[in-house]
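Below you'll find the structure, written out as structure tokens, and then a few comments.
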Amino acid sequence: MKHMELHIIQSVPVACLNRDDLNSPKTAIFGGVQRARVSSQSWKRAIRELAKEIDAEGNNGLFNGDRTRRMVYTIKKRLVEKGLAENVSVAIAERVADIVETLDSKVDSAGYKKIKTVMFFSKAEYDAIADAISQSEDVKGAVAALGESIASLNSLEEKTKTKDKEQIEVIKKQKEELQKERDKALKAMGKILEKGAISKTIKAAHLKDAADIALFGRMVANDPSLKVDGASMFSHILSTHKADNEIDFFAAVDDLNKDESGAGMTSTLEFNSATYYRFAALNLDDLANDAHLGDAIFENGETDRTVETRKKVVETFLRATIQAIPSARKTTMNGNTLPVYVLGVVREKGHPIQLVNAFESPVRPSVNGFAVESINRMNREYSDLQETWGIQSVFAKAVVRGGLKDQVQESLRGIETCSLNDLIDGMVKHVI
């Protein structure tokens with residue numbers, strides 16, 4: 001497996017980057033002591049959001065996947081753009097969403113049904129569904145029948161305002177008949193939009209705008225054929241040292257209460273601070289296959305252009321992974337920092353290997369803090385893995401914060417230091 005790895009040391013001050021069910025910063029036991037922890041899912045979301053921003057700045061249009069439960073609303077919107085009536089579009093969208101996932105009984109703020117789980121889909125996939133429905137001759141007939149029955153029901157609703165009891169009974173029977181017609185039309189629509197047809201449509205979409213799905217993957221419980229294994233890999237982020245959660249007691253003053261002294265409200269929040277080891281990897285072989293961003297994804301099959309596209313994707317991924325940070329409590333406990341050290345590695349074979357065992361024995365506090373010793377330990381672990389197991393790399397360079405270069409020079413052991421742009425450019429050259 002040809003792959004690349006990022007090993008990152010990053011110090012974060014007072015913050016609560018990722019909370020558990022009790023609203024406390026997440027923790028884990030490693031090496032017999034409690035560590036500060038941030039789940040991979042939390043940091044991955046920050047990376048996805050930053051990747052979208054970076055991609056938009058370059059007008060590449062490669063990161064357009066959205067994770068949402070509002071599938072009905074999104075498909076309905078596409079169908080309306082294709083010229084279908086809104087009420088018919090809603091009925092069709094609900095049917096499609098129930099095929100791909102399972103509809104929930106709950107609705108969103110706009111009154112549309114939601115699916116039970118969050119789904120990751122791209123604009124190209126939604127467009128492919130809308131095109132298949134609006135252009136299919138079989139679907140057009142079912143759409144017309146469905147539209148007529150829904151229109152008749154809506155028209156009948158106006159007549160129910162009468163106070164004539166006999167007329168109400170007549171309307172009631174007419175309504176029952178029309179509901180049967182509508183249900184029959186929906187059933188016919190369902191047979192046309194059966195599971196296989198929808199899956200085929202989705203899989204036929206050219207996912208040039210779904211780099212985020214290729215990188216981070218997708219799980220579809222109702223239809224495993226739509227599952228995408230993410231080409232990227234992440235670990236949970238752990239502090240390199242023992243870390244305890246602390247409690248912040250705070251008081252808020254009532255600006256308009258002039259009669260009483262003291263606080264208008266008091267409460268507590270938990271937080272911690274830590275120097276973290278972060279690990280991420282990217283399977284370059286996976287990224288280049290047709291289940292992800294291979295040549296078949298692109299209509300004209302220009303291999304050179306496809307490789308260039310993958311290089312743009314990887315560059316965005318690397319930059320976002322290095323710079324992103326979860327945004328939890330960003331207005332009250334802003335923990336935004338940048339790494340103090342980034343080691344980038346590319347290997348031609350084998351599987352990605354973490355360097356977290358460098359911190360199995362927790363780093364002890366010193367006058368230099370935790371960062372310098374964390375970097376030195378990580379570099380020694382990297383060298384030990386090379387010497388002990390013969391693990392080789394075709395690329396290994398590091399970005400070091402300027403003020404720390406002299407203090408970590410000895411542990412680098414031949415690892416060349418460079419700028420962030422040189423690191424990313426050097427790693428991107430190995431994309432296949």
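The values are calculated or read from the model by the stated rules, or taken from the named source; none is laboratory data. Just so we're clear, the structure is a prediction, and the values are computed from it rather than from any experiment. Please note: Cβ atoms are built from the backbone with ideal geometry, for glycine as well, and neighbour counts cover all protein chains shown. Just the protein is used for accessible areas: all its heavy atoms, side chains included, with ligands, DNA and RNA removed. Shrake-Rupley method; radii C 1.70, N 1.55, O 1.52, S 1.80 Å.
List, in the order given, every pair from 52/349; 203/227; 116/330 whose Cα-Cα distance in the structure shown is over 22 Å.
52/349; 116/330
Suppose R0 equals 35 Å. What FRET efficiency, 1/(1 + (r/R0)^6) with r the Cβ-Cβ distance, do residue 360 and residue 221 give to the nearest 0.05?
E(calc), rounded to 0.05, equals 0.45.
For the chain, take the longest principal axis of its alpha carbons; what is the angle in degrees between that and the long axis of helix 71-81, to the nearest 10 within 0 to 90?
Compared with the principal axis, the helix lies near 60 degrees.
Rounded if a/c is under 1.5, else prolate if a/b is larger than b/c, else oblate: which is region 195-321, with a ≥ b ≥ c the root eigenvalues of its Cα gyration tensor?
prolate
Determine the distance separating the Cα centre of region 164-222 from the Cα centre of region 38-80; give it in Å without decimals.
About 24 Å separates the Cα centre of region 164-222 from the one of region 38-80.
What nm distance separates the two modelled labels at residue 200 and residue 413, each placed 7 Å from Cα along Cα→Cβ?
5.7
Here are several values of mean projected area of the Cα convex hull in nm²: (i) 19.4; (ii) 29.0; (iii) 30.3. Which one was derived from the coordinates shown?
(iii)
Answer rounded, prolate or oblate for region 213-256, using the Cα gyration tensor with square roots of eigenvalues a ≥ b ≥ c: rounded when a/c is under 1.5, else prolate when a/b is larger than b/c, else oblate.
Judged from the Cα gyration tensor, region 213-256 comes out oblate (a/c at least 1.5, b/c at or above a/b).
Note the full-extension length gain between residue 266 and residue 136 as 0.36 nm times their separation in residues minus their Cα-Cα distance, in nm to one decimal.
Going from the current span to full extension adds 40.6 nm.
Identify which of 252, 130, 324 has the largest mean-square fluctuation in a Gaussian network model of the chain, with springs joining Cα atoms closer than 10 Å.
Maximum among the listed residues: 252.
On the accessible surface of the chain, probed at 1.4 Å, how many percent belong to carbon and sulfur atoms?
47
Of 117, 306, which has the most accessible area with a 1.4 Å probe, and how do the rest follow in descending order?
117, 306
Probe 1.4 Å, all protein chains in place: accessible area of residue 290 in Å², nearest 10?
Solvent-accessible area, nearest 10 Å²: 90 Å².
What FRET efficiency comes out for residue 23 versus residue 108 if R0 is 35 angstrom and r is the Cβ-Cβ distance? Round to the nearest 0.05.
The computed FRET efficiency comes out at 0.85.
Mind ranking 43, 389 by accessible surface for me, highest first, 1.4 Å probe?
In descending accessible area the options line up as 389, 43.
So which trypsin sites (Lys or Arg not before Pro) in region 326-382 end up in coil per DSSP with only 15 or fewer other C-beta atoms within 10 Å?
Qualifying residues, ordered by number: 330, 349.
Using a 10 angstrom cutoff on alpha carbons, build the Gaussian network for the chain and name the most mobile of 277, 112, 341.
In this elastic network of the chain, the residue with the biggest mean-square fluctuation among 277, 112, 341 is 112.
Between residue 30 and residues 5 or more places away or on another chain, which pairs have amide H atoms under 5 Å apart, with H built 1.01 Å from N, and which residues are they?
For residue 30, whose amide H was placed from the backbone, the distant partners under 5 Å are 35.
Please list, in chain and number order, the residues 5+ apart from residue 114 or on another chain whose amide H is under 5 Å from its amide H, with Hs placed from the backbone.
Sorted by chain and number, the residues that satisfy this are 104, 106, 108.
Take 268, 337, 321 and sort them by solvent-accessible surface of the protein heavy atoms, 1.4 Å probe, largest at the top.
Ranked list, largest accessible area first: 268, 337, 321.
I need the phi-derived Karplus couplings for region 382-390: 6.51 cos²θ - 1.76 cosθ + 1.60, θ = phi - 60°, integer Hz, Gly and Pro marked x.
4, 5, 4, 5, 5, 6, 6, 10, x
Using a Cα-Cα cut-off of under 20 Å, which aspartates and glutamates could be cross-linked to residue 114, ignoring same-chain neighbours fewer than 8 residues away?
Counting by Cα, and skipping residues close in sequence, residue 114 has these aspartates and glutamates nearby: 66, 86, 94, 98, 101, 104, 125, 127, 194, 223.
Rounded, prolate or oblate for region 300-382? Axes are the square roots of the Cα gyration tensor eigenvalues, ordered a ≥ b ≥ c, and the cut-off for rounded is a/c under 1.5.
Verdict is oblate for region 300-382.
For the pairs 405/429; 242/312; 76/311, note any where the Cα-Cα span goes beyond 29 Å.
From 405/429; 242/312; 76/311, over 29 Å: 242/312; 76/311.
Taking the simple approach of a point 7 Å from Cα along Cα-to-Cβ for both residue 351 and residue 285, what is their distance in nm?
For residue 351 paired with residue 285, the spin-label model returns 1.2 nm.
How large is the dipole of the chain about the Cα centre if only Lys and Arg carry +1 and Asp and Glu carry -1, each at its Cβ, rounded to the nearest 20 debye?
The dipole magnitude comes to about 580 debye.
Determine the per residue accessible area of the chain with all protein chains present and a 1.4 angstrom probe, expressed in square angstrom.
Value for the chain: 50 Å² per residue.
Using R₀ = 35 Å, calculate the FRET efficiency as 1/(1 + (r/R₀)^6) where r is the Cβ-Cβ separation of residue 384 and residue 295; round to 0.05.
0.30
For labels at residue 87 and residue 394 in the simple 7 Å Cα→Cβ model, what's the distance in nm?
According to this spin-label approximation, the distance is 6.2 nm.
Please check which bits of region 250-294 a label hung off residue 244 would reach, taking the label as a point 7 Å along Cα-to-C-beta and the cut-off as backbone N under 14 Å.
Residues 271-273 fall inside that zone.
Across region 116-124, in residue order, what do the Karplus-derived ³J(HN,Hα) couplings come to in whole Hz, using 6.51 cos²θ - 1.76 cosθ + 1.60 with θ = phi - 60° and x for Gly and Pro?
With coefficients 6.51, -1.76 and 1.60, one gets 6, 10, 6, 10, 9, 9, 9, 4, 4 Hz.
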